[in-house]
């Protein structure tokens, strides 16, 4: 596997295959509700556990939240989780289209938006099956700890604060590892048109042949994402420094900063997603050839 050649081809496809940029922008729009709901759950839990520590005494607006009945919190979490599962199903389809488009571009040198969108009914059904089973499972185990933190924090703030730190330290790496595994299965379906039941075995066989390259892609993804983190981090530091003393001012600062940063951050975010997705796709293709030299990937 020639990583230098793969990186060169990745750059070539990323900078020329505009349909992948269009679909990635659509993916971002689809992902926005999931981001808002997931962020709301985390923020809800953080406010319940950290608000008193930030101000020395609990703000008045926290009291109604603490008084909510358990059934209302569980019902709200369930509705939010179902909405996230349905939203994620659409994002899985767009991701599959982007992966297949990158694979087609690697073969033909160019790809049209119409070609990228032609997944075929079998792929669509298989991707939906994957998203509603394993994808839904990952969402549930990722979000369930937040519900537990919220329920505990209603009555025992100190215990909730400790549990919040544990949740943040444990769920992130577990969810990331499971997310990568499901993404490999998604690529098996999008590129090789395998069945969902065969996807785990095929993804594992491909990963074993190119595990070091996939880990390298993870490192590259983290590296090119650092400028975006450096751009966003000061905004959240300023928000959390202001919010405990003046909530309205904190939200105004957050909105203004996000609007300004978005002009630079959104195009760069689209670029990084397209680049890393294409890189994953090309690495998968090469590893798939090593796993089954006689049967090259079918797109």
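Do the conditions hold for residue 162, that is, is it touching a helix residue (DSSP H, G or I) at 6+ places or on another chain (Cβ under 8 Å) and either modelled with pLDDT under 90 or part of a helix (DSSP H, G or I) (or both)? So residue 162 fails the test. Residue 215 meets the conditions (1) modelled with pLDDT of 85 or more; (2) in contact with a helix residue (DSSP H, G or I) (Cβ under 9 Å, 6 or more places away or on another chain) in every case but one. The failed one is (2). Scanning the range 98-127 for residues that are closer than 30 Å to residue 77 by Cα and touching a helix residue (DSSP H, G or I) at 6+ places or on another chain (Cβ under 6 Å) turns up 126, 127. Of the helices (runs of 4 or more DSSP H) entirely within the range 1-120, those holding at least 2 residues that are at pLDDT below 75 and within 20 Å of the chain's Cα centre (by Cα) occupy 18-55.
Filter the range 184-206 down to the residues that are part of a helix (DSSP H, G or I) and either in contact with a strand residue (DSSP E or B) (Cβ under 6 Å, 6 or more places away or on another chain) or surrounded by fewer than 18 Cβ atoms within 10 Å (Cβ to Cβ) (or both) and list them by number.
Listed by number, the residues that qualify are 200, 201, 204, 205.
The values are calculated or read from the model by the stated rules, or taken from the named source; none is laboratory data. Please read all numbers here as calculations on a predicted model, not as lab measurements. Methodologically, a virtual Cβ is constructed for each residue, glycine included, from the backbone with ideal geometry; neighbour enumeration extends over all protein chains shown.
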